[in-house]
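Presented below is the structure to which this report refers.
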Amino acid sequence: MKKAFKSPPGILLLAILALAFILPLFPLPDPLAIDVDARYAGPSAAHLLGQDEYGRDLMSRLIHAMRSAIVISGGAALLAAIIGVTIGIVAGYVRGISEALSLRVMDVILCFPPLLLAMLAATLYGAGPKTLVPVLALVFVPSFTRVAHASVMTVRGQEYVDAVKLMGASAPRIIFRTILPNIAGPLFVQFSFVVVMSVVLESGLSYLGLGVLPPEPSLGMMIGSARATFADQPWLLFAPCMALVVLVLVLNAFCDHLRHVFDPRNGSGA
């Protein structure tokens, strides 16, 4: 895993994380502070990227919006991984009715398009980060379940698993101490992919007013509010769009690199 962060995509991802989580510790302008007299003000020493339609600092809002997107997406991916991997490993190891039941439930969830399912859940239970995390996790639990189940089916008949069984190890010990470490590669790749998709879904829901609630900054919400003034103030739309594109591209590049690192055909490891 350390090798992945030493690659160019890994370095870029660390730079984005530092920008989103360390830079706000410095005395930046308040992203929620309104200055009506400075609406649409251009870049200055105090506001490096200018100010939006309410006079709020654009750079500070972009940084906090990226941090919000990463926290929500990472939290959703982590929750989905915990639930989905547990279901997939148990289903693949125990087999029987638990396998059939869990996989059929995952198939039902997969029948719904992710965006529509997220919109439905957000509409029923309300918008906001506390709703977004479980909603996005629900969308991606089936993908973790399928990856974990397929990986367990590959390794459950290996000699080292049989050896642990003959030593009298309990099923939980075999699952979490023997099988799980040996299927971690595909799960790490799936985790990075889910984070990318969660960023896109979170931005889309915020754009539609079903994600992060104002006045808290969100890339999707900033893009939506900047549409009305695009002809006169294109930078207000261009800045959050570029921030979202860069974040998604870097995460996607890191996901591709993880897939290369954990591919056994490359003869490389974590």
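So in region 197-227, with the set limited to residues that are touching a Pro at 6+ places or on another chain (Cβ under 7 Å) and open to solvent by 10 Å² or more (accessible area, probe 1.4 Å), which one is farthest from A243 (Cα to Cα)?
Applying the filter and picking the extreme gives L201.
What number of residues within region 85-111 are loosely packed, with under 14 Cβ neighbours inside 10 Å and either of a type in the set (G, A, S) or farther than 30 Å from V161 by Cβ (or both)?
Count: 4.
Restricting attention to region 92-102, does a residue exist that is within 25 Å of G211 (Cβ to Cβ), in a helix (DSSP H, G or I) and free of Cβ contacts under 8 Å to residues at least 60 places away in the same chain?
no
Give just the number: which of (1) at pLDDT below 85; (2) small (G, A, S); (3) closer than 18 Å to I72 by Cβ does S268 not satisfy?
(3)
Condition check ((1) open to solvent by 30 Å² or more (accessible area, probe 1.4 Å); (2) modelled with pLDDT of 85 or more; (3) among the hydroxyl-bearing types (S, T, Y)) across all residues:
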position: F144; (1), (2), (3): no, yes, no
position: V147; (1), (2), (3): yes, yes, no
position: V155; (1), (2), (3): no, yes, no
position: Q158; (1), (2), (3): yes, no, no
position: A163; (1), (2), (3): yes, yes, no
position: G168; (1), (2), (3): yes, no, no
position: A171; (1), (2), (3): yes, no, no
position: I179; (1), (2), (3): no, yes, no
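So L79 passes all but one of these: (1) touching a residue at least 60 places away in the same chain (Cβ under 8 Å); (2) under 21 Å from the mean Cα position of the chain (by Cα); (3) in a helix (DSSP H, G or I). Which condition number does it fail?
(1)
Taking the options M167, M153, M119, name whichever one is over 21 Å from A91 (Cα atoms) and touching a residue at least 60 places away in the same chain (Cβ under 8 Å). I'd like the intermediate steps shown before the answer.
On the way: M167 fails: touching a residue at least 60 places away in the same chain (Cβ under 8 Å); M153 fails: over 21 Å from A91 (Cα atoms).
From the options M167, M153, M119, the qualifying one is M119.
Of the conditions (1) without any contact (Cβ under 8 Å) to a residue 40 or more places away in the chain; (2) on the phi < 0 side of the Ramachandran plot, S68 clears all except one; give me its number.
(1)
List every residue pair whose Cβ atoms lie under 8 Å apart, where the two residues are 6 or more positions apart in sequence or sit on different chains, the first residue falls within region 2-29 and is open to solvent by 50 Å² or more (accessible area, probe 1.4 Å), and the second residue, located anywhere, is at pLDDT below 90 and of a type in the set (S, T, Y).
K3/S268
The values are calculated or read from the model by the stated rules, or taken from the named source; none is laboratory data. Please read these numbers as outputs of a predicted model, since none were measured by experiment. Counting neighbours? That spans all protein chains shown, and the Cβs are built from the backbone with ideal geometry, glycine included. To get the accessible areas, we keep the full protein, side chains included, count just its heavy atoms, and leave off ligands, DNA and RNA. Shrake-Rupley method; radii C 1.70, N 1.55, O 1.52, S 1.80 Å.
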